């Protein structure tokens with residue numbers, strides 16, 4: 001799903017009306033209807049609803065929502081933070097359809113008056129004061145109304161965006177901004193919806209009538225949603241066999257790090273790959289093989305330190321024949337000889353590669369040897385690994401995650417999966433996808449190895465649509481973490497918990513792809 005700027009959203013609405021013949025009044029009606037549906041679905045116990053409306057189109061959306069909520073049996077009151085004569089266009093039209101008399105507020109004195117005081121003990125507030133077209137700071141009566149909502153314990157649903165927020169920023173908001181327990185926006189999200197932590201609840205995007213052709217963005221930025229990759233997780237044909245779903249070869253493991261490569265291998269299978277083989281140092285193999293009977297294993301020559309030796313190259317090349325995707329790095333160590341082997345394998349392989357952990361560290365200071373031109377090469381660094389590859393500090397990476405990932409992807413012609421809060425998937429032309437699943441409980445050793453396996457497993461099944469497979473894997477990985485946070489909590493989560501959560505993550509994605517609203521938290 002594309003992310004658009006506030007100006008682009010205005011252009012989309014205008015084009016929808018002028019080129020595709022959808023009246024702007026219809027767009028407003030659909031937007032307000034969607035808000036009312038969200039309230040009924042997500043706040044079924046809220047019988048008394050108070051709607052704060054500004055004089056612009058955001059207020060118009062609020063008028064529509066108020067009308068539909070009243071029709072659905074809710075007790076609704078509307079506070080209009082303007083004079084009626086200040087309403088124009090579609091907002092004025094929708095105001096005229098209100099079945100209730102609003103409380104008209106002209107001043108701070110009115111806002112603190114008896115009419116408003118008696119209306120405040122509601123079960124839910126709708127914030128329809130300012131939309132995404134507003135540029136901060138907010139002041140005067142609108143700021144007073146925002147502060148009034150913020151001082152209350154009543155849940156707040158923001159219409160389009162919390163009033164006072166800057167829709168175009170990817171940074172934390174400044175100044176007076178309304179709090180929001182959830183957000184309903186329309187057609188496409190703006191950057192702040194994804195990056196600015198505007199709500200601790202859900203942000204939902206409703207389609208209100210704009211065709212896909214009208215949604216144009218210059219940002220080269222998207223939110224990963226199950227709708228995008230639904231085709232990859234659809235029901236399988238009855239006539240299926242393991243040969244239809246690819247064979248993953250995982251190269252990794254070393255003395256003391258057998259678990260990493262085993263987790264990647266089983267994750268590839270859990271993600272749906274037909275077969276998975278783990279090739280690891282000979283002395284490590286019995287431990288790896290003991291974890292999961294579903295994994296095939298291959299012993300490789302090893303160094304005195306218990307890492308994979310450079311002499312294993314011929315055996316690995318033989319193993320690569322007939323494989324669909326190669327995952328390199330989990331638990332492989334930074335022993336110099338082994339790092340040299342990693343660089344050789346990456347340079348020689350002509351099948352898709354997922355490179356992670358110490359497989360990435362093998363290229364620190366030698367990124368001239370890392371290039372994915374003409375093939376699929378996916379790297380999955382956390383901020384520390386990204387900093388080592390890019391030759392900068394972790395602080396530099398975190399200050400401009402998108403910019404750093406885009407530059408590295410472009411220069412090395414590969415797909416970058418930059419892990420962290422709002423994990424990014426970036427391809428060489430600069431197009432980027434933002435993941436909204438996952439939680440801090442996943443900040444534990446091994447979750448990256450699980451991700452490597454899921455990515456490899458998804459690519460194995462869909463080698464001709466590798467980029468989409470990567471975005472699906474990232475979303476499902478985070479969703480599995482969210483599933484497990486509900487059952488074990490964030491503090492107690494360990495990496496292998498994600499394997500238990502992954503089946504439910506698939507089911508959630510399949511269900512979400514069919515739902516009317518696209519939502520994330």
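The values are calculated or read from the model by the stated rules, or taken from the named source; none is laboratory data. Note that the structure is a prediction, hence the values are computed from the model and not measured. Glycine also receives a Cβ, built like all others from the backbone with ideal geometry; neighbour counts cover every protein chain displayed.
Of the listed requirements (1) within 30 Å of residue 217 (Cα to Cα); (2) buried (at least 18 other Cβ atoms within 10 Å of the Cβ); (3) in contact with a strand residue (DSSP E or B) (Cβ under 6 Å, 6 or more places away or on another chain), residue 2 misses just one: (2). Scanning segment 228-273 for residues that are in the same structural domain as residue 325 (by TED's automatic domain parsing), over 17 Å from residue 459 (Cβ atoms) and part of a helix (DSSP H, G or I) returns 258, 259, 260, 261, 262, 263. Among the residues in segment 219-227, are any touching a strand residue (DSSP E or B) at 6+ places or on another chain (Cβ under 6 Å), in a loop (DSSP other than H, G, I, E, B) and farther than 19 Å from residue 472 by Cα? Among the residues of segment 219-227, not one is touching a strand residue (DSSP E or B) at 6+ places or on another chain (Cβ under 6 Å), in a loop (DSSP other than H, G, I, E, B) and farther than 19 Å from residue 472 by Cα, which makes the answer no. Do we have residue 61 as surrounded by fewer than 18 Cβ atoms within 10 Å (Cβ to Cβ) and touching a strand residue (DSSP E or B) at 6+ places or on another chain (Cβ under 8 Å) here? No: the conditions fail for residue 61.
Where helices (runs of 4 or more DSSP H) sit wholly within segment 274-370, those with at least 3 residues that are under 28 Å from the mean Cα position of the chain (by Cα) occupy 358-361.
For segment 351-372, state whether one or more residues are within 18 Å of residue 223 (Cα to Cα), without any contact (Cβ under 8 Å) to a residue 24 or more places away in the chain and out of contact with any strand residue (DSSP E or B) (no Cβ under 7 Å at 6 or more places or on another chain). For segment 351-372, residues within 18 Å of residue 223 (Cα to Cα), without any contact (Cβ under 8 Å) to a residue 24 or more places away in the chain and out of contact with any strand residue (DSSP E or B) (no Cβ under 7 Å at 6 or more places or on another chain): absent.
Every residue, every condition in (1) without any contact (Cβ under 8 Å) to a residue 24 or more places away in the chain; (2) outside the structural domain of residue 425 (by TED's automatic domain parsing); (3) in contact with a helix residue (DSSP H, G or I) (Cβ under 7 Å, 6 or more places away or on another chain), yes or no:
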{"position": "275", "(1), (2), (3)": "no, no, yes"}
{"position": "278", "(1), (2), (3)": "no, no, yes"}
{"position": "290", "(1), (2), (3)": "yes, no, no"}
{"position": "340", "(1), (2), (3)": "no, no, yes"}
{"position": "347", "(1), (2), (3)": "yes, no, yes"}
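Does segment 16-34 contain at least one residue that is in contact with a helix residue (DSSP H, G or I) (Cβ under 8 Å, 6 or more places away or on another chain) and closer than 19 Å to residue 156 by Cβ? Within segment 16-34, one or more residues are in contact with a helix residue (DSSP H, G or I) (Cβ under 8 Å, 6 or more places away or on another chain) and closer than 19 Å to residue 156 by Cβ. Taking the criterion of being touching a strand residue (DSSP E or B) at 6+ places or on another chain (Cβ under 9 Å) and surrounded by fewer than 21 Cβ atoms within 10 Å (Cβ to Cβ), the residues of segment 378-407 that qualify are 382, 383, 402.
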